[in-house]
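The values are calculated or read from the model by the stated rules, or taken from the named source; none is laboratory data. The structure presented is a predicted model; accordingly, all values stated were derived computationally and were not measured. Please note: Cβ atoms are built from the backbone with ideal geometry, for glycine as well, and neighbour counts cover all protein chains shown. We work out accessible area using only protein heavy atoms, side chains counted, and drop any ligands, DNA or RNA first. Shrake-Rupley method; radii C 1.70, N 1.55, O 1.52, S 1.80 Å.
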Amino acid sequence: MSIGKSPEDDHPTEDTGPAGAPADDGPTIGRVLQQARIEAGLTVDEVSAATRVRIPIIHAIEQDDFSRCGGDVYARGHIRTLARAVRVDPAPLLERYATEYGGRPAPTPAAPLFEAERIRPERRRPNWTAAMVAAIVAVIGFVGFTAFNGGDDGAGSPTAGGSTPAASKPAAKPSTGASRPADPKPDPSDSAIAAAPQDKVTVKVSAPDGRSWISVKDQNGRTLFDGPLEQGDAKSFEDKQRIDLVLGNAGAIDLAVNGKAVEDDFQPGQVERLTYTKGDPAAG
């Protein structure tokens, strides 16, 4: 905080409000946030340091200018963050924003949420188990087949004739032939299954196509991250059982779960809530 600077120094000389904002409908959103900040004895610099919202954006919001927020999703997030920082209930401010600026988020359909959070993780687990059992059975069968053929070759060599040592040499050739079953390559899906983590869930969230607000929690509901992910940034999260995600701008996000890229058709500005557990996603 600058020497000699007080919360009142950030108070504008005249409360004009944004163009087109109602002047006779009580204090505006920006005016409420600004007055609460001053009453809390906080400067804009201090609020910015506590919330990680940039100083020019705070100044713009206090003047009811939301054009610098980057869209409705981020404007609502900034309003909620600033309101909590100055100890103001954000709900009325968000309702007013929705009424005056048309920023109410579109409701997420119930069916996709249910499928993402419940159906997909439960249906995928048996696939991993069946694949692992199939791989183990294949390995055991291969080892048994190799051992059986090797025993037959060793037993047949004495019957070839014990008259000369040369007669036993052809018996050594089948030993090279016995290694032929090792030539077939293992199925790529078996390798991918064996490489997948079995004791935890890891999620990597990257934003190659734009900025997004994300929230990440572990199995106990503890917040691992809650804030903006700038374009080009990436973060990884890990838990023993489950990772819960909320993506504010899902169309800008790429996900990798347990080392595998997750294919999706999320749209820009779409809000998505997802849950991943050990073994996700399904092979292929």
- Work out from phi, with θ = phi - 60° and the Karplus expression 6.51 cos²θ - 1.76 cosθ + 1.60, the ³J(HN,Hα) of each residue of region 218-223, listed in order in whole Hz, and give x for Gly and Pro. 8, 5, 8, x, 6, 6
- Which sequence of VAL262, VAL203 reflects their accessible areas, 1.4 Å probe, from the largest down? VAL262, VAL203
- Note on the structure: Residues other than ILE214 with Cβ under 13 Å of its Cβ, Lys/Arg counted +1 and Asp/Glu -1, net out at -1
- Message: Taking the full set of protein chains and a 1.4 angstrom probe, give the accessible area of ASP239 in square angstrom, rounded to the nearest 10.
- Response: 20 Å²
- Message: Please list the three semi-axes, largest first and in whole Å, of the ellipsoid equivalent to region 234-284, using sqrt of 5 times the eigenvalues of its alpha carbon gyration tensor.
- Response: 19, 13, 10
- Query: When the convex hull of the Cα atoms of region 52-91 is projected onto a plane and the area is averaged over all directions, what value comes out in nm²?
  - Reply: 2.7 nm²
- Message: For TYR101, what accessible surface area do you get with a 1.4 Å probe? Give it in Å², rounded to 10.
- Response: 80 Å²
- Item | Rounded to whole Hz, the Karplus (6.51, -1.76, 1.60) HN-Hα couplings of region 240-246, x for glycine and proline | 6, 10, 7, 10, 9, 10, 10
